[in-house]
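Chemist: Have a look at this one.
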Number of protein chains: 2
Amino acid sequence: MDEFGLIDTFVSQFDVAPPPRGPGDDCAVLPKQGPSCVTTDALVEGVHFTRGTFSMPDVGHKALAVNLSDLAAMGARPAWFTVALGLPGWATARDVKKLGGGMARLAKLHRVELIGGNVTRADQLSLTLTLSGALEGPPLLRSGAKPGDALYLSGPVGDAALGLSLLGTNSGASSPLVDAQRRPVPHVAFGRFARRHCSAGIDVSDGLAQDLGHLCRASGVAAELDSAALPMSEALLDAAGSRKAAQPYALRGGEDYVLLVAVRDPPAFERALTRAGFEAWRIGTLRKGSGVNLDGVRLTGRLGFTHR
Amino acid sequence: MDEFGLIDTFVSQFDVAPPPRGPGDDCAVLPKQGPSCVTTDALVEGVHFTRGTFSMPDVGHKALAVNLSDLAAMGARPAWFTVALGLPGWATARDVKKLGGGMARLAKLHRVELIGGNVTRADQLSLTLTLSGALEGPPLLRSGAKPGDALYLSGPVGDAALGLSLLGTNSGASSPLVDAQRRPVPHVAFGRFARRHCSAGIDVSDGLAQDLGHLCRASGVAAELDSAALPMSEALLDAAGSRKAAQPYALRGGEDYVLLVAVRDPPAFERALTRAGFEAWRIGTLRKGSGVNLDGVRLTGRLGFTHR
């Protein structure tokens, strides 16, 4: 199948507008837009996934999910995206269809519109997405936190990292941990809530310690984390055997795609959380200074997870 | 050097806004925008270039140029872009700097702003760019042509394709043909002119015959090309030996990155061209029907150049 046939196979699974708004002309054409966010992120075979441990729908889902998580971190409402595919010789039209299928399901859920893309030959399967989201007010930035703010997480951390190690040993097994690795759930609705109620935010993709470090540097503050407060799933605690054994996954694991936010007025925030029906876990406090501390001890060295 | 160091090395060569507008937060933040165009295109080592025949600045230049050409084809004014880099183990910080250098020179020329990006490990060097341009009126579409319109090209065709074949034999030689292959010049200003004066347009990236076929299908018309009218450079004619030998490069070569436009009122268009200081070559006419004809003979088979 040629390039144009593969594009049709992929695109036909999405609800797309006819050109020039959707795919089919030299560019997509968009009407005027209010303030917006733009992000780009790639998933590469052998780096972010393997064919042995991820299905094609998993890959399609995750490529969109990790980008949605970046929009969530700004509090933006997903609006549109483009997809650039790198396809190896082994990729059949069926593979391309399945990739698109996994992505289209998540796209529909978030009402984010595929407006264009590109297909090229490549040695590794890769998906590079660029997403834009609408801002309904000032964005949630990494740089807005102040000393005295409380730190909250929008979900448990560590599952995806332990899930990754399970994939290496038993690729066929499905479990909550493996699902967290293959099918992360971006916290888009929480992000839109947090934009209105939090002073700063970031998504936890490189590990809690590293991403908290980014937030602290951008805001010019230090963080004090309470290890006993880190939210961990039952599945993680069971698989790791103890809270102590689970802690490295929670702290430095990565690919959690939960949101880490700073909050100026915790009682008001928690009342708003309850009203909105969200959950969040208070994990620490920001203070003057720099660096990330756990139970009063400065974290040093390689703080997180990196694909490089 | 880690991911963040490489990003800094790359980004530091561009005039970027501080976050959140520029790189550094989870997303770039854009103010409200008028109607716009979005396109995405990738350059992959071993598919679109080789390290033996392209310098790092060539690769950086071309990755941006091919995307600018898509904006040109819509008549848009380049506004912002993102860059996703796939970096193999061999790529040094110096390579990344040179890639960015070649790209930054072209970005400055067109005042297009780097707003964000991503770096990942990969086996092949790849650059996936997403560009947006502002529309100052209705876009130039592939679908706007009507029977009776004249066809014009904004520059000669065939140089880049013959340049590619020269690269295979003598990678060190610099010539206008090799330059056309390595350093294509996107016709951005002509595109903005054409948006106001033409009924349809497309950029010639896959070969004149194939891209004209796209325009004809989108507009529901047939094309009659005059082989004697195809603009060819002296360098192409010299290298090919004759006009006849050069014709396959001109017709099916690809990577020309000139614009092909349809024009309803040729005398008025040519007066406007002269006033604006542009050149264009009339190469044929559109009529009712379908397909692309050269000197009255239907072109069939593989009409153009494809990287797949």
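Values quoted throughout were computed directly from the atomic coordinates according to the rules given, and no laboratory measurement underlies them. Since we're looking at a predicted model, the values are computed, not measured. Note that each Cβ is placed from the backbone with ideal geometry, even for glycine, and that neighbours are counted across all protein chains shown.
Chemist: Taking Cα atoms of region A:90-148, Rg/Rh with Kirkwood Rh, to two decimals?
Modeler: Working: Rg = 17.3 Å, Rh = 15.1 Å.
Dividing the radius of gyration by the Kirkwood radius yields 1.15.
Chemist: Please work out the FRET efficiency for the pair B:ASN293 and B:LEU237, using the Cβ-Cβ distance as r and a Förster radius of 30 Å; give the result to the nearest 0.05.
Modeler: 0.80
Chemist: Then there's this: Quick one: which residues, 5 or more positions from A:GLY207 or on another chain, have an amide H under 5 Å from its amide H? H modelled 1.01 Å from N in the peptide plane, none for Pro or chain starts.
Modeler: Residues meeting the criterion, in which the H sits 1.01 Å from N, are A:GLY254, A:GLU255, A:ASP256, A:PHE305.
Chemist: Rounded, prolate or oblate for chain B? Axes are the square roots of the Cα gyration tensor eigenvalues, ordered a ≥ b ≥ c, and the cut-off for rounded is a/c under 1.5.
Modeler: Because a/c hits 1.5 or more and a/b fails to exceed b/c, chain B counts as oblate.
Chemist: Between B:GLY158, B:GLY254, B:GLY89, where does the largest GNM mean-square fluctuation fall for chain B, given springs only between Cα atoms within less than 10 Å?
Modeler: Most flexible of the set in this elastic network: B:GLY89.
Chemist: Let me check I've understood the local charge: for B:ARG142, count other residues with C-beta under 11 angstrom from its C-beta, Lys and Arg +1, Asp and Glu -1. What total comes out? The partial results should precede the final answer.
Modeler: On the way: positive: B:ARG217; negative: A:ASP25, A:ASP26, B:ASP203, B:ASP211.
Net charge in that neighbourhood comes out at -3.
Chemist: Let me ask another. Can you tell me the Rg and Dmax of region B:141-200, counting just the alpha carbons, in angstroms?
Modeler: Calculated on Cα positions, Rg and Dmax stand at 15.7, 46 Å.
Chemist: List, in order, the whole-Hz ³J(HN,Hα) value for each residue of region A:224-239 obtained from phi through the Karplus relation with A = 6.51, B = -1.76, C = 1.60 and θ = phi - 60°; use x for Gly and Pro.
Modeler: Once rounded to whole Hz, the list reads 10, 9, 9, 4, 5, 9, 5, x, 10, 6, 4, 4, 5, 5, 4, 5.
Chemist: Using the alpha-carbon atoms, what tilt in degrees (0 to 90, nearest 10) does helix A:159-169 show relative to the longest principal axis of chain A?
Modeler: Roughly 60 degrees, rounded to the nearest 10.
Chemist: Which whole number gives the average count of other chain Cβ atoms within 10 Å of the Cβ atoms across peptide B:210-220? Display every interim value, and only then the final one.
Modeler: Working: counts 1, 1, 0, 0, 4, 0, 0, 0, 4, 0, 0.
Across the residues of B:210-220, the mean count of other-chain Cβ atoms within 10 Å is 1.
Chemist: Another question, if that's okay. Only sites in a loop by DSSP and with at most 11 other Cβ atoms within 10 Å count here; which trypsin sites (Lys or Arg not before Pro) in region B:7-74 make the cut?
Modeler: On the way: sites: B:ARG21, B:LYS32, B:ARG51, B:LYS62; in loops: B:ARG21, B:LYS32, B:ARG51.
Of the trypsin sites (Lys or Arg not before Pro), the ones in loops of region B:7-74 whose Cβ has at most 11 other Cβ atoms within 10 Å are B:LYS32.
Chemist: Report, in debye and to the nearest 20, how large the dipole of region B:37-124 comes out about its Cα centre when Lys and Arg carry +1 and Asp and Glu carry -1 on their Cβ. Each step should come with its number before you reach the end.
Modeler: Details: 10 positive and 7 negative charges, 72 e Å.
That gives a dipole near 340 debye.
Chemist: In terms of modelled amide H atoms, which long-range or inter-chain residues lie less than 5 Å from the amide H of A:VAL16?
Modeler: When sequence neighbours closer than 5 places are left aside, there are no close amide H contacts.
Chemist: Just to be sure I understand: if I project the alpha-carbon convex hull of region B:206-308 onto a plane and average over all orientations, what area do I get in nm²? Intermediate values should be presented prior to the final figure.
Modeler: Values: hull surface 29.9 nm².
The number I arrive at for region B:206-308 is 7.5 nm².
Chemist: Would you mind computing, in nm to one decimal, how far apart the modelled labels at A:ALA134 and B:LYS32 are, each placed 7 Å from Cα along Cα→Cβ?
Modeler: Using points 7 Å along Cα→Cβ, the separation is 1.2 nm.
Chemist: If a cysteine in chain B has no other Cys Cβ under 4.7 Å from its own Cβ, put it on the list, ordered by number.
Modeler: B:CYS198, B:CYS216
Chemist: Right, here's the next one. Can you tell me the mean projection area, over all orientations, of the convex hull of region B:142-298's alpha carbons? Units nm², please. All intermediate terms of the calculation are to be shown ahead of the outcome.
Modeler: Details: hull surface 34.6 nm².
Across all orientations, region B:142-298 yields a mean hull projection of 8.7 nm².
Chemist: Based solely on its DSSP helices, what 222 nm [θ] is calculated for the protein assembly as shown when runs of n ≥ 4 H residues each add -39,500 (n - 2.57) and the sum is averaged over all residues, nearest 500 deg cm²/dmol?
Modeler: Details: 20 runs with 228 residues, N = 616.
Value at 222 nm, helices only, nearest 500: -11500 deg cm²/dmol.
Chemist: Only Lys, Arg, Asp and Glu count, each charged at its Cβ (+1, +1, -1, -1), so figure out the dipole size of region B:142-298 about its Cα centre, rounded to 20 debye. Could the numbers behind the result be given before it?
Modeler: Working: 18 positive and 16 negative charges, 121 e Å.
I would put it at about 580 debye.
Chemist: Considering the options A:GLY100, A:LEU129, A:GLN13, tell which one lies farthest towards the positive end of the dipole of chain A, charges being +1 on Lys and Arg and -1 on Asp and Glu at the Cβ, about the Cα centre.
Modeler: So the residue furthest toward the plus end is A:LEU129.
Chemist: By how many degrees, between 0 and 90 and to the nearest 10, does the Cα long axis of helix A:208-219 differ from the longest principal axis of chain A?
Modeler: 80
Chemist: Would you order B:THR9, B:THR130, A:THR40 from fewest to most other beta-carbon atoms within 10 Å of each residue's own beta-carbon?
Modeler: Values: B:THR9 19, B:THR130 31, A:THR40 27.
With the sparsest Cβ surroundings first, the list reads B:THR9, A:THR40, B:THR130.
Chemist: Would you mind listing how long region A:24-106 runs along its three principal axes, going by Cα atoms, in whole Å with the largest first?
Modeler: Over region A:24-106, Cα extents along the principal axes are 42, 32, 21 Å.
Chemist: In whole Å, what are the Cα extents of region A:43-191 along the three principal axes, biggest one first?
Modeler: 53, 37, 24
Chemist: Past the 20 Å Cα-Cα mark, which pairs from A:LYS62/A:LYS97; B:LYS62/B:LYS108; A:LYS32/B:LYS146? Present the calculation step by step, with values, prior to reporting the outcome.
Modeler: Numbers: A:LYS62/A:LYS97 15 Å; B:LYS62/B:LYS108 14 Å; A:LYS32/B:LYS146 28 Å.
Going by Cα-Cα distance, A:LYS32/B:LYS146 fall outside the 20 Å limit.
Chemist: How large is the dipole of chain B about the Cα centre if only Lys and Arg carry +1 and Asp and Glu carry -1, each at its Cβ, rounded to the nearest 20 debye?
Modeler: Details: 32 positive and 30 negative charges, 143 e Å.
The calculated dipole for chain B is roughly 680 debye.
Chemist: Also: Output, in nm with one decimal and in ascending order, the distances from the B:LYS146 label point to the matching label points of the other copies (7 Å from Cα along Cα-to-Cβ).
Modeler: 6.3
Chemist: How big is D, in µm² s⁻¹, for the protein assembly as shown by Stokes-Einstein at 25 °C and 0.890 mPa s if Rh is the Kirkwood radius over C-alpha pairs? Each step should come with its number before you reach the end.
Modeler: Numbers: Rh = 25.4 Å.
Result for D is 97 µm²/s.
Chemist: Between region A:19-58 and region A:145-215, how many Å separate their Cα centres?
Modeler: Computed from Cα coordinates, the inter-centre distance equals 21 Å.
Chemist: Going through region A:243-305, which trypsin sites (Lys or Arg not before Pro) have at most 10 other Cβ atoms within 10 Å and a DSSP loop state?
Modeler: Details: sites: A:ARG243, A:LYS244, A:ARG252, A:ARG264, A:ARG271, A:ARG275, A:ARG282, A:ARG287, A:LYS288, A:ARG298, A:ARG302; in loops: A:ARG264, A:LYS288, A:ARG302.
Here the trypsin sites (Lys or Arg not before Pro) that fit, given the DSSP loop and packing criteria, are A:LYS288.
Chemist: Now a separate question. Could you tell me how many degrees, from 0 to 90 and to the nearest 10, lie between the Cα long axis of helix B:188-197 and the main elongation axis, the longest principal axis, of the Cα atoms of chain B?
Modeler: So the inclination is approximately 40 degrees.
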